[in-house]
Structures are given as C-alpha cells and as structure tokens.
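Single-structure report; data block below.
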Amino acid sequence: MRIQFIGLGNMGLPMASNLRRAGHEVTGHDTAPRARDTFIAQGGYIAASLAEGAAAAEVVITMLPAGEHVRAVYLGAEGLLRCAGRGSLLIDCSTIDVETAREVAAEAAKAAITMLDAPVSGGTVGAERATLTFMVGGSEAGFARAKPILAAMGKHIVHAGGPGAGQAAKICNNMILGVSMLGVCEAFVLAGRLGLERHKLFEIASNSSGSCWSLLHNCPVPGPVPTAASERDYKPGFAAALMLKDLKLSQQAAESAGAATPMGAHAARIYEALAAAGLAEKDFSVAFRFLDALLRDKAPS
Ligand code: NAD
C-alpha cells in the first residue's frame, strides 16, 4: 500500500517504521524539521508537501497532538479533504475531542472520502513493539479496509461504532485509568500512615477486589512491580500531562453529553494541581508522590 504518515512524533515515528517493516511504501510528513530528519535517518522518504504526499497515497494516517492540529491538517485550505484522492482512506490515530472527530468525519463524508477515528492505547512501548490497541470509529466498510493496515502497528483492533466512537472509547478508558490510579495511590498513602507495609498491601490487594491494572502493572510505589515507572523515578510510561489532557477531554465530552462524572472531574483537578507542582512530565503514577506529600488536618480528638 502507498501510505502517507503525518505526525512523526513519539508515537508516529515508530508506527510509521512498523508500516515500512511490514512492506508498505510510506511517505512521511511533519511540520517539525527534527521529526522529518529522524524519519529520513531511519531510511524514510519525505514528500515535498502534505498535498503531494496525500495525492499519491491510497491511505493517509495522522498522529497529531490535539483537535486543533487535526482540524488544520484535514480541513485547512491545503488540507487532506482537498488533496486526498477520492478513493483514499483517511485514518486519524490522534487522541482528540469527540466533537472534532465527528465534525471532521462529517466533512470527509460530504467530500465522499472514507475517514476513521482510531486512537490508540499502549504508549510509546506499544508503538515500538507494534502491540497497540486501536479503538476505531467509522463505517464497517472503512474498518474492514483499515484493519489489515492497523494490524502492522497493533495487536487488538476493535470496531467501537460509528464516527467518533473510537475517541469516545479512548476517553472513557482513560477516565477509568486516571480514577483507578488515584484510588491506588491514596490506598498506599493511607497504608503508609497506618503503618501497613506496602508489600503487604500489594500482596493482599492484588489478590482481592482492589486489584486493577494500575496496581498490578504500574504500581505507584517502588518495590512490588519491577517494571513499574515508580522503579525509575517515575520516568514515563504515560506522562501525567497526557493523562491530564485525556481527563480534560473526558470532562469536555461529559459536559456536552450531559453525563455526571464527578470522579473524573475530581481526578482532572488533582492532575492539574500535580502538573502545576512541576510533575507533568513524570509518569502519571507520580500522583502517589504528590498525594503522599500532602498533609490532612486531623480531626480534633
Ligand atoms: P508528539 O508531540 O511527540 O508528536 C506529534 C507530532 O505531530 C510532532 O512531531 C509535531 O511536529 C507534529 N505536528 C503537529 N502539527 C502538525 C501539522 N499541522 N502537520 C504535520 N505535523 C504536525 O505527540 P505523541 O506523543 O506522538 O502523541 C500523538 C498523539 O497520540 C496525541 O494525540 C496523544 O494524546 C496520543 N497518544 C500518545 C501516547 C503517548 O504515550 N505518547 C499514548 C497514546 C496516545
């Protein structure tokens, strides 16, 4: 397949490399010279312009920071909806707000171009190892075309529903993750104050109803899980800044859909405070360190 890959950052670069490894002819594009140079250094080809690359491609994949970038790349005067060939397939893998995803998909439909939202879970390690999970929104026919291409970059490829359903799945999943991580962090803070040894809490909770991914795979205290970010001074992993971004997206969606998500809202506020305290670039499990440093006034006895 002739594929154009737009957005060669932390995620996009290894994803594009995996497509090349699978035998696809990949043309890269990025506004940042450093990202383009890295792609070229790995043997990749950069088209003269976004328009030139898009016109020649059968499939265009985007991996951009946020909704505003997706709008610019798809809807701009020189954007994909103007330049892409009529029969081409457009796949946006960025994590963005549901509203923008649905709006861009509707514009693509008006131009008779098939477009999917396909955000991912699995982080940079998943991108490098081609083990990402793709949550795909869009038509059945579009999904069927995309699946073998996405399979070169991921392990689990799920059709979530119509346009925007991939983004909806992504922010719901990450709201669970943000809330559950904070629950685990608070339990370790309380255990410490109560004199309960952290290995003991881990051994008991991981075999009890408190068990969850945040505890088992990314335990926020060093000791119980050797591969957790807490073992390497909270080097990400999944940065707290990205968790904050996803929690904000979940709250934006909850507000426009009229859903009550008080735990998600509170989690967003905690990650905001943590980011303001200078921890945004640490793994999101650094919430343990942040909460452990807070003191709560004792009730008068
Ligand atoms: P990044 O900032 O490393 O990469 C984004 C790239 O897009 C940059 O190289 C930037 O120069 C480029 N870009 C920006 N505007 C552009 C434009 N108009 N045209 C062309 N290129 C443009 O970000 P990332 O970590 O690769 O994340 C990308 C997306 O994936 C985000 O939406 C993020 O939320 C999501 N995501 C990231 C992770 C992670 O662990 N990093 C995990 C899951 C999902």
From the square roots a ≥ b ≥ c of the eigenvalues of the alpha-carbon gyration tensor of the stretch 2-162, which class results: rounded (a/c under 1.5), prolate (a/b over b/c), or oblate?
rounded
Would you order LEU81, LEU89 from fewest to most other beta-carbon atoms within 10 Å of each residue's own beta-carbon?
LEU81, LEU89
Under a Cβ-Cβ cut-off of 15 Å, what is the net charge of the residues other than VAL286 that fall near it, where Lys and Arg count +1 and Asp and Glu count -1?
-3
Taking the dipole about the Cα centre of the chain, with the C-beta of Lys and Arg at +1 and of Asp and Glu at -1, give me whichever of ALA268, THR31, PHE143 is farthest to the positive side.
PHE143
If you restrict to DSSP beta bridges whose two residues both lie in the chain, what percentage is antiparallel, to the nearest 5?
15
Everything considered on the Cα gyration tensor (a ≥ b ≥ c; rounded for a/c under 1.5, else prolate if a/b is larger than b/c, else oblate), the stretch 27-103 must be described as oblate
Going down the table (LYS147/LYS282; LYS200/LYS245; LYS155/LYS245), which pairs top 31 Å between alpha carbons?
LYS147/LYS282; LYS200/LYS245
Debye, to nearest 20: dipole size of the stretch 149-226, +1 on Lys, Arg Cβ, -1 on Asp, Glu Cβ
100
Mean-square fluctuation check for the chain, GNM, Cα pairs under 10 Å: which of GLY223, GLY195, GLY164 is largest?
GLY195
Rounded to the nearest 20 Debye, what is the dipole magnitude of the chain about its Cα centre when Lys and Arg each give +1 and Asp and Glu each give -1 at the C-beta?
360
Roughly how tilted is helix 140-150, in degrees to the nearest 10 and between 0 and 90, from the longest Cα axis of the chain?
80
What's the longest uninterrupted piece of the chain once you rule out the trypsin sites (Lys or Arg not before Pro) that are loop residues per DSSP with at most 10 other Cβ within 10 Å?
87-295
Taking a ≥ b ≥ c as the square roots of the eigenvalues of the Cα gyration tensor, with a/c under 1.5 meaning rounded and otherwise prolate when a/b exceeds b/c and oblate if not, the stretch 184-301 is prolate
Quick one: putting +1 on the C-beta of Lys and Arg, -1 on the C-beta of Asp and Glu, what dipole do you get for the stretch 168-296 around its Cα centre, in Debye to the nearest 20?
80
In the stretch 11-92, the GluC sites (Glu not before Pro) that sit in a DSSP loop and have at most 15 other Cβ atoms within 10 Å of their own Cβ are GLU78
How big is D, in µm² s⁻¹, for the chain by Stokes-Einstein at 37 °C and 0.692 mPa s if Rh is the Kirkwood radius over C-alpha pairs?
161
On Cα atoms only, tilt of 98-110 relative to the major axis of the chain in degrees:
10
Once the Cβ-Cβ distance between HIS217 and ALA47 is put in as r, and R0 is 41 Å, what FRET efficiency do you end up with, to the nearest 0.05?
0.55
Once the Cα atoms of helix 262-274 and of the chain are each reduced to a long axis, what angle between those two axes, in degrees from 0 to 90 to the nearest 10, is obtained?
90
Select from THR100, THR27, THR261 the residue whose mean-square fluctuation is largest in a Gaussian network model of the chain (Cα-Cα springs shorter than 10 Å).
THR261
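None of the figures in this text is laboratory data; all of them are computed from the coordinates on show. Small disclaimer: the values here were computed from a predicted structure and weren't measured. All Cβ positions, glycine included, derive from the backbone under ideal geometry; neighbour counts span all protein chains shown.
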